[in-house]
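Chemist: Here you go, one structure.
Please treat every number below as a calculation from the coordinates, not as lab data. In this text, all values refer to a predicted model and were calculated from it rather than measured experimentally. When we count neighbours, we look across all protein chains shown, and the Cβ atoms used for this are built from the backbone with ideal geometry, even at glycine.
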Amino acid sequence: MRAEQPPQRRKGERELGGFGKAENTVLEEDTMPEFLKPYIARLQEVWGKLDLVRRVILGSVLAVIIGALVLVGTISSDQGKVVLYQGLEPKDFAAVTSKLQELNFSFSTSGTSTIFVPAEKKDAAIMALAQENLIPQGVAGWELFDIDKWSETQAEKDIKKQRAIMGALSRTLATLKSVESAQVNIAFPSEELFTEKAEAVTAAVLLQYAPGYDKLTRKEIEGIVTLVARSVPGLKKENVSVAGPDGEILNDFDNEIDKARWELKEVDEKLKIQERERIKLLADIKKSLSYTYGEGIYGDRFDVVRLDLRLRWDKEEIEKHEVEPVVMVPDDPRTPYSERVVKDSLEVSSKTTTEEFEGNGFTPEGPAGTEPNIPPGYKDKDYQKARYTKKEDIKNNEFNKTHRLISKQPWELERVALSVMLDGRWERVGERADDQGYERKYIPVSDEELQKVTDLLKKAIGFDVARGDMISVKHVQKDRSKQFEAEDAELRHQKQMRRLLLATLITLLVLALATVLYQAIKKEMERRRRLREEELAAQQQMMREAALRAIEEEGVEVELSLEERARREMLENAINLAKERPEDVAHLLRTWLAEE
């Protein structure tokens, strides 16, 4: 494919490519830097070699790159902006943006609910909108007090304070992970002269759950109640109501269903604690018994039939006032006798009074000018001498008093019931006559041993008769027929294996003897066959020699073959060697026979 030739250009013109079309721009060559000319010429050469399709593709790529750079620049330019308002209604959004444009504030938006302004202009924008009374409803907070109007009355300030508290709480609750939005309404009653007539501050909170949440936990609800109660002066937790999206009161934990549920949960936790304590006590009992009754050829000889442990959950407080003697001299623990000296009480104060009177007595009479009511007979005896003595001795003693306020733990052991079964011992005294198992002897548990175990278990469980504890340790023989049958079967199996092993050994021994006998017979047969062959060869040799001698005697010349000549020479050499050294030849023959 031939590349298209670029169009002719006049001197001083160059072609610039962008977005798939060519644009001619007249530039003076003298104004272009020298170092750029080679690159521009290279780009023009490459651009001229491209066809229309490639130019369109390249222009599209350049357009996307330029758009991305513009977008990144726009986002980078917005990094210094902060949120002015978010979650606005369309009406409030239009009013606020229109006023910001009118006041020449730089801002940007996200959708139709969020407005961004430069961080350094946020306070000025809020003040300007507050002066125009354009603070959006539902998001007002303590920024309402950023502008103070000289014409405001105290009632308006109180209303503004109420709005600020509700707005700040609403925005605070909306920051929770499980809350999408919140609306807080607070009622401040009018002040009363008498406190008993004053009404309490109340608050109502309406929550909208965040996506993915369909309810709140009790801990979260209690946290919201605490947060609202501590944010409003004079507001108590019991006067805060928290409602969900469907209007259900979430902090009403005192209803019957919740109360029953918590009671069941409490009972379940108590049962878990009781079972845990029972298992711990059971482990201690088994550990104590396993030292004596946990070993043997038949395993454990004890069984805890039942262990019942009950706990008392009543909370008790005991107040005691005790009077004890005063210890004057304490006991010395280093001596075998007691030096302790006590007194019932100590004298802290005393008073002694003595009165004496001696002289004429008198009879009290009425007022002056009246006759006394004394009979005439007693009148003569009046005004006689009298004597009066009074002695009073008062001592104040102090006793040694002790005041104790004892609070018991949340639970204590109420009663323990334990039942244990002990089995005797089985001993093997031999094997049965029919070779089908063991002969066994049973030794029961003695009464003395039962009493020892009972005393041991009483100490282990802290036995208390007054508490109502019960313990029972009995001797009960277990049924071990299955164990005995398994042992007898194992014994029979072992005997069968021993018989099989003995038969196998005998068979192997017989086979070994048969093999040795066979080899001996085989060697003997080979030896006899070899002797026969040697005997035949010797006879043939003798016949051959006799024939040769007969021929020689007759003087007949016979032409012998090379093999016959070699054999004859070997034979003559062997005969000569046997004559000269018969002992070596005999030894050589014996060696050959031994090797064969």
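Chemist: Given a Förster distance of 51 angstrom, what is the FRET efficiency for Asp464 paired with Asp332, based on the Cβ-Cβ distance and rounded to 0.05?
Modeler: Once the sixth-power term is evaluated, E becomes 0.90.
Chemist: Modelling each spin label as a point 7 Å along the Cα-to-Cβ direction, I'd like the Arg527/Gln483 distance in nm, to one decimal.
Modeler: Roughly 6.7 nm, to one decimal.
Chemist: Would you please give the residues with an amide H less than 5 Å from that of Arg425, counting only those at least 5 places away or on a separate chain, with H modeled from the backbone geometry?
Modeler: Distant-sequence amide H within range of Arg425: Ile443.
Chemist: Filter Lys272/Lys452; Lys272/Lys478; Lys91/Lys160; Lys157/Lys237; Lys215/Lys270; Lys272/Lys482 down to the pairs with a C-alpha to C-alpha distance above 30 Å, please.
Modeler: Lys272/Lys452; Lys272/Lys478; Lys272/Lys482
Chemist: In addition: For segment 426-442, take each phi angle, set θ = phi - 60°, evaluate the Karplus expression 6.51 cos²θ - 1.76 cosθ + 1.60, and give the result in whole Hz per residue in order, putting x for glycine and proline.
Modeler: Whole-Hz 3J(HN,Hα) from phi for segment 426-442: 10, 10, 8, 10, x, 10, 6, 5, 7, 6, 10, x, 9, 9, 10, 10, 9.
Chemist: What FRET efficiency, computed as 1/(1 + (r/R0)^6) with R0 = 30 Å and r the Cβ-Cβ distance, is obtained for Glu132 and Ser190, rounded to the nearest 0.05?
Modeler: 0.45
Chemist: Also: Below 8 Å between Cα atoms, with a sequence gap of 6+, how large is the relative contact order for segment 264-361 in percent?
Modeler: 16 percent
Chemist: Shifting gears a bit: Given 0.36 nm per residue, what is the gain on full extension from Glu45 to Thr153 after removing their alpha carbon distance, in nm?
Modeler: Residue separation times 0.36 nm, minus the Cα-Cα distance, leaves 30.8 nm.
Chemist: Highest first, please rank the peptides 260-266, 40-46 by the mean number of other Cβ atoms sitting within 10 Å of their residues.
Modeler: 40-46, 260-266
Chemist: Tell me, what is the FRET efficiency for Arg428 and Ile506 to the nearest 0.05, using R0 = 41 angstrom and their Cβ-Cβ distance as r?
Modeler: Efficiency, from the Cβ-Cβ distance: 0.85.
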